[in-house]
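Structure record follows, encoded as structure tokens.
Bear in mind that the values in this text are calculations on the coordinates, not laboratory data. These numbers were taken from a predicted model, which means no experiment stands behind them. A quick note on method: Cβ atoms are made from the backbone with ideal geometry, for glycine too, and the neighbour counts reach across all protein chains shown.
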Amino acid sequence: MQIKNRITELFNIKYPIVLGGMVWVSGWKLAKAVSNCGGLGLIGAGSMKAELLAQHIDKFRKNSTKPFGVNIPLLRKDSDDLINLIIEKNVEIVFTSAGNPAKYTDLLKKHRIKVVHVVSSVKQAKKAESVGCDAVVGEGVEAGGHNGIDELTTFTLITLLKNNLSIPIIAAGGIAHGSQIAASFVLGAEGIQIGTLFAAAIESSAHSNYKQAIINSGENDTTLAFRKIGLVRMIKNNLTARISEAEAKGATNQELLNILGEKREMRGIFEGDLNEGMLEAGQSAALVNCVDSVKTIFERLLTEYNASIDELKRG
Ligand SMILES: Cc1cc2nc3c(=O)[nH]c(=O)nc-3n(C[C@H](O)[C@H](O)[C@H](O)COP(=O)(O)O)c2cc1C
């Protein structure tokens with residue numbers, strides 16, 4: 001892959017391949033591994049308080065001189081603290097998600113921080129562009145974790161974004177093979193973001209049970225739950241069975257919140273409780289077959305990408 005485009009220029013990286021910010025998964029080690037391979041590693045602040053995030057930023061910098069970013073889900077009650085820390089620590093790249101991009105983009109841009117917002121519809125993307133974001137991640141409903149209520153697939157969303165935006169687009173959702181990277185570029189994306197595939201990598205801080213659950217997942221093993229209180233894609237288990245039953249019976253928001261309880265993500269992803277934890281993962285889990293190092297994954301993605309481009313050229 002030899003690509004120079006607005007995304008490689010924006011982040012000063014070799015390959016326009018981004019590690020998505022992931023709760024309980026993408027700490028400094030995974031981010032470092034991706035950045036050292038020439039991509040952009042994001043530290044996922046979604047499961048960190050400001051103090052812990054500071055440690056991850058410091059550790060990344062001690063171990064790598066490559067560019068990196070931080071993902072901040074804006075629904076966090078302490079998002080002010082996280083944003084202030086980013087500014088204080090001179091972090092150069094921020095990916096915001098799950099909230100209003102108008103909230104912090106201006107402030108971050110004043111500090112010369114590059115801001116990318118994660119969107120799941122054209123409406124959200126236009127908003128992100130209008131408030132000054134440098135790029136968007138267009139995330140389709142195949143993706144692991146929290147999803148947009150519009151449930152647009154990556155294939156449709158990226159094409160719509162390409163037709164409606166001027167700023168560069170990073171495609172996310174369902175990507176775990178180099179041919180899909182090539183396809184994303186054909187659709188008009190200038191970068192891609194990967195979650196599930198890297199969540200199962202050796203350097204991911206997730207529990208080995210969770211990684212194995214990804215490996216074991218086939219094409220029908222993830223589901224979308226909690227449409228009423230915040231859509232999430234995760235691997236099917238006892239918890240998702242109870243949620244679907246409750247949703248089919250028309251459970252109220254409060255009843256669903258009671259089932260959700262607290263710390264389900266930590267329980268599933270970090271502590272490895274396969275029955276009662278939330279095992280956030282995307283449909284691409286079906287394409288992930290072993291726990292590999294990020295370096296091996298990168299080499300495979302690039303080989304697959306190059307083979308796809310050669311095949312296209314051959315016609
Ligand atoms: C375990 C897990 C946790 C995630 N946590 C976050 C998060 O904290 N913030 C965020 O913006 N996206 C989060 N995501 C979404 C990823 O950043 C990424 O956009 C998505 O996984 C891409 O789709 P894929 O899983 O098909 O590769 C998470 C995804 C997974 C699988």
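What to note about this one:
- The residues Met1, Met48, when put in order of fewest to most other Cβ atoms within 10 Å, stand as Met1, Met48.
- Within the range 80-135, the percentage of alpha carbon pairs spaced more than 14 angstrom apart rounds to 46%.
- When the range 254-315 is described by a simple charge dipole with +1 on each Lys and Arg Cβ and -1 on each Asp and Glu Cβ, the residue from Met278, Leu257, Thr303 located farthest towards its positive end is Thr303.
- Cβ-based charge dipole, the chain, positive-most Cα from Val23, Ile167, Leu53: Ile167
- Computed from point charges on the beta carbon alone (+1 for Lys and Arg, -1 for Asp and Glu), the dipole magnitude for the chain about its Cα centre is near 740 Debye.
- Converting the Cα gyration tensor eigenvalues of the range 99-180 into ellipsoid dimensions via √(5λ) gives semi-axes, longest first, of 22, 13, 12 Å.
- Remark: the range 209-284 carries a charge dipole of roughly 140 debye about the Cα centre, counting +1 on each Lys and Arg Cβ and -1 on each Asp and Glu Cβ.
- Label-to-label distance, nm, for residues given as Thr303 and Leu107 (7 Å Cα→Cβ offset): 4.7
- Spin-label model distance (nm) - Glu311 vs Ala54, 7 Å beyond Cα toward Cβ: 5.0
- Projecting the Cα atoms of Cys133, Tyr104, Asn90 onto the charge dipole of the range 1-144, computed from C-beta unit charges around the Cα centre, puts Asn90 farthest toward the positive end.
- Dividing the mean sequence gap of close Cα pairs (under 8 Å, 6+ apart) by how many residues the range 201-315 holds gives a relative contact order of 36 percent.
- 11 Å beta-carbon shell around Ala286, net charge (K/R +1, D/E -1): -3
- Ordered from longest to shortest, the equivalent ellipsoid semi-axes for the chain are 27, 23, 20 Å, each the square root of 5 times a Cα gyration tensor eigenvalue.
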